[in-house]
Amino acid sequence: EGMPQTLSSTSMFTPCGFSPHLHTSKEDEQGGLIFQDGNLTSASLDALIQHLIPTTDYYPEVSNPQYNKQLFIEPHELLSRVCHKCIEQQRLDDPVLDKARIRKFGPKILQLLTEWTETFPYDFQEELMIGHLKDMIHRIAPCDEAYWKKMNQLLQTLNQKLATLSHGQEGIVKISAAVSDKLVAFKSKPPSIQREILSVCSDPYTLAQQLTHVELERLSHIGPEEFVQAFVHKDPLDGTKTCFSEQKKTSNLEAYVKWFNRLCYLVATEICMPAKKKQRAQVIEFFIDVARECFNIGNFNSLMAIISGMNMSPVSRLKKTWSKVKTAKFFILEHQMDPTGNFYNYRTALRGAAHRSLTAHSNREKIVIPFFSLLIKDIYFLNEGCANRLPNGHVNFEKFLELAKQVGEFITWKQVECPFEQDPNIIHYLHTAPIFTEDGLYLASYESESPENQTEKDRWKSLRSTILGKT
């Protein structure tokens, strides 16, 4: 709700800070790169690739365009072209190498390859990529023994990173499989399964910290290339194929969105489960305190999931329960996450948290966990609303700098180490506690506070029949 639903109007993209069309003011062209007021605004793909290639006395200022180029060219092809141009320019095919020049060039190409492996480790799951990388090092290594050592370090770090990412994916798959069979219907299971959050963790500060653990753990597995894969489109200059022929690699991103949905349903389940009104009100107040602490930490994703759970119809209809709740704190939180003005209040709070993170002296102050669905929508609309190519066929570099900025900020946030001590019991509960389906939530809600109108009565009757087998 409150999200933009249409892509028809380009006016919604003006906050990107640029127009998707060519500028009319003074431009300066240098070898296929067009600058305006000293800033690169557009370029041909060949010129951009050339721009990415280091030399003995030049290193590209922005290596993040690797992320953007992946919208136009597959990683192995991009690395192949980069390596080929380096071999050509540095004359690495010559029988006798110019060792002095290569000693100047070597650290720069190593830096580029290191940054690439660190930022986009998934690219190097392909044998072709490792092949290009090894070939380049083999060519420069005769000039300096240290290059062999650097390559071994680079490959070792890369292997560790890929193993960690793979382990993270497997863990997420196991958790997802474990919860899929546990969508519980109200009162259809013995009381032993109706364990509740307050028996596991009664301190809102602790729960907010454990939620932050889960968020940062899951965020750490999402690679920047997943954003590219999520929105990959056909290049308009080649209408026959997408830039990526293989299947999209967005499993970590999708698992994170599923986690958000699970947390919404877990909150709603915990509120609807208790039979007594006083207990339900107590659970609502507990989650309000958890949400407030999430806001203070900078964990906006858990905050929004908790608010969304409390705003689900089966929960919001419990008027007698809500009458027992001190709602002032809840309304303040709702106001912070209000979708009005394209989430103006939230974006202001996010900017504040981002600023705090930049000047932080501790990991506690560095935490910024954005409302992820909105981040995805922002990137999606930026990608959809601004052309990849300009009318002259050039890559719209301004658009991609903005994309790189947003994704780059996200990469910084996801690398923060969680400063809070982990509680395995609470983490396990958050991942495995049974949750109601939507029908289960409605039935629990009607059992707690009777239906108020004929529509609700009919639905209650239908749910009792289908879920409980009662008429």
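For segment 207-260, the candidate set comprises residues that are surrounded by fewer than 21 Cβ atoms within 10 Å (Cβ to Cβ), of a type in the set (Gly, Ala, Ser) and closer than 29 Å to Glu293 by Cβ; within that set, the residue that is modelled with the lowest pLDDT is Ala255. Applying the criterion of at least 1 residues that are touching a strand residue (DSSP E or B) at 6+ places or on another chain (Cβ under 7 Å) and buried (at least 16 other Cβ atoms within 10 Å of the Cβ) to the helices (runs of 4 or more DSSP H) found wholly in segment 352-471 leaves 397-414, 438-448. Hey, could you check segment 333-343 for residues that are part of a helix (DSSP H, G or I) and within 20 Å of the chain's Cα centre (by Cα) and say which is modelled with the lowest pLDDT? Among residues in segment 333-343 that are part of a helix (DSSP H, G or I) and within 20 Å of the chain's Cα centre (by Cα), the one modelled with the lowest pLDDT is Asn342.
Here segment 90-131 is the region considered, the condition is being closer than 29 Å to Val407 by Cβ and polar (S, T, N, Q), and the residue that is most open to solvent (accessible area, probe 1.4 Å) is Gln125. In segment 277-332, the qualifying residues are those that are touching a residue at least 40 places away in the same chain (Cβ under 8 Å) and outside any helix (DSSP H, G or I), and the one that is surrounded by the fewest Cβ atoms within 10 Å (Cβ to Cβ) is Lys326.
For Ala444, indicate whether it is over 16 Å from the mean Cα position of the chain (by Cα) and in contact (Cβ under 8 Å) with a residue 40 or more places away in the chain. Considered against the rule, which asks whether it is over 16 Å from the mean Cα position of the chain (by Cα) and in contact (Cβ under 8 Å) with a residue 40 or more places away in the chain, Ala444 comes out as yes.
The values are calculated or read from the model by the stated rules, or taken from the named source; none is laboratory data. All of these numbers come straight from a predicted model, not from anything done at the bench. Cβ sites come from the backbone with ideal geometry, for glycine too, and all protein chains shown count toward neighbours. Note: accessible area is taken over every heavy atom of the protein model, side chains too, but ligands, DNA and RNA are not part of it. Shrake-Rupley method; radii C 1.70, N 1.55, O 1.52, S 1.80 Å.
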